[in-house]
Amino acid sequence: MPDCPVTVVLPCLNEAESLPGVIAAVPAGYRALVVDNNSTDGTAAILDELTDPRVRVVRNPTTVSMVDNFNIAIRESRGDYVKLVCADDTLMPDCVQVQAAALDAMPHVKLVSARTDFIDDDGAMMRPARGLGKIVGRQPADHVVRCIVRSGTNPIGPPVAAMFRRSDFDRCGSFRPVTSFLSELDLWVRLLELGEFYGVPK
C-alpha cells in the first residue's frame with residue numbers, strides 16, 4: 001500500500017487474546033505494523049497465520065522496554081502519519097480517517113487527539129469520552145501546555161488517542177523513559193514545540 005498516508009503501529013507483548021481484535025479494528029485501506037516484543041504466549045503463532053496483506057510484522061529478538069518497543073514500532077513505520085495503538089486497545093471505525101483528515105487540512109497542526117472511551121476486557125463501558133476538556137478544536141501550543149500544567153493531568157490522552165507526523169516524531173526525538181505513564185505526555189509537549197494542536201470533538 002505505497003500510497004497509504006497512515007501506518008497504524010501495534011506494539012505488543014504477550015497479547016494473544018487481544019491482538020486479533022485490534023488488527024481487525026484497523027480500517028480497510030490503512031496499513032498496520034505489528035512489533036512483537038519477543039512474546040512467550042501464543043502471539044507468535046497468531047502472527048504466523050496472518051494473511052492480511054495490509055499487516056507487516058517485525059519481531060524483536062529480545063524483549064525490550066515498552067518505551068523502546070514504541071520507538072521501534074514508529075521507526076519501522078512507512079506512512080507519513082503514525083497512529084500508535086497498543087494491542088489491548090481498539091479503534092472506532094472512523095478514528096483514523098478523521099485524524100488523518102485533520103493533519104491533511106492543517107499543516108501547522110503537529111498533534112491530533114480525540115476523546116477516549118475506557119472499556120473493560122469484555123468491551124463494557126467504564127468511563128466514556130475522557131480527555132481534551134478545554135482543548136477541543138484547533139489550539140495554539142502554549143494554551144495546550146498551560147492546560148496541562150494547570151490541570152496536573154494529561155488532557156491530550158494516551159497514545160491510542162493521538163496521531164502525528166512521522167517526520168515530526170523524528171525531529172523531536174521519540175519517546176523517552178520518564179516516570180511511569182508520563183512518556184507520552186513528554187512526547188506530546190515536545191511535538192507541540194513544533195506547532196499547533198487539534199482536539200477532535202468526539
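The values are calculated or read from the model by the stated rules, or taken from the named source; none is laboratory data. Remember, predicted model here, so these are calculated numbers, not experimental data. Every residue, glycine as well, gets a Cβ built from its backbone with ideal geometry; the counts of neighbours run over all protein chains shown. For the accessible areas, the whole protein counts, side chains as well, though only heavy atoms, and no ligand, DNA or RNA atoms are used. Shrake-Rupley method; radii C 1.70, N 1.55, O 1.52, S 1.80 Å.
Go through region 156-178 and give me each residue that's more than 20 Å from residue 96 (Cβ to Cβ) and open to solvent by 20 Å² or more (accessible area, probe 1.4 Å).
Listed by number, the residues that qualify are 170, 171, 172, 173, 176, 177, 178.
Under the condition of being over 15 Å from residue 31 (Cα atoms) and either touching a helix residue (DSSP H, G or I) at 6+ places or on another chain (Cβ under 6 Å) or at pLDDT below 95 (or both), which residue from region 72-89 is surrounded by the fewest Cβ atoms within 10 Å (Cβ to Cβ)?
The residue in question is 88.
How do the helices (runs of 4 or more DSSP H) wholly within region 6-92 filter down when requiring 3 or more residues that are within 24 Å of residue 102 (Cβ to Cβ) and touching a strand residue (DSSP E or B) at 6+ places or on another chain (Cβ under 7 Å): which remain?
66-75
Any chance you could count how many residues in region 179-193 are open to solvent by less than 50 Å² (accessible area, probe 1.4 Å) and over 21 Å from residue 117 (Cβ atoms)?
Number satisfying all stated conditions: 7.
Determine, yes or no, whether residue 135 is more than 16 Å from the chain's Cα centre (by Cα) and surrounded by 12 or more Cβ atoms within 10 Å (Cβ to Cβ).
Here the answer is yes, as residue 135 does meet what is asked.
Six or more apart or on different chains, Cβ under 8 Å: which pairs go from a residue in region 134-152 that's within 13 Å of residue 188 (Cα to Cα) to one that's part of a helix (DSSP H, G or I) and among the aliphatic types (A, V, I, L, M)? Could you list them?
Between residues of region 134-152 that are within 13 Å of residue 188 (Cα to Cα) and residues that are part of a helix (DSSP H, G or I) and among the aliphatic types (A, V, I, L, M), the close pairs are 141/192; 144/192; 145/189; 145/192; 148/185; 148/189.
Criterion first (without any contact (Cβ under 8 Å) to a residue 40 or more places away in the chain and among the acidic types (Asp, Glu)) does residue 122 satisfy it?
So residue 122 fits the description; yes.
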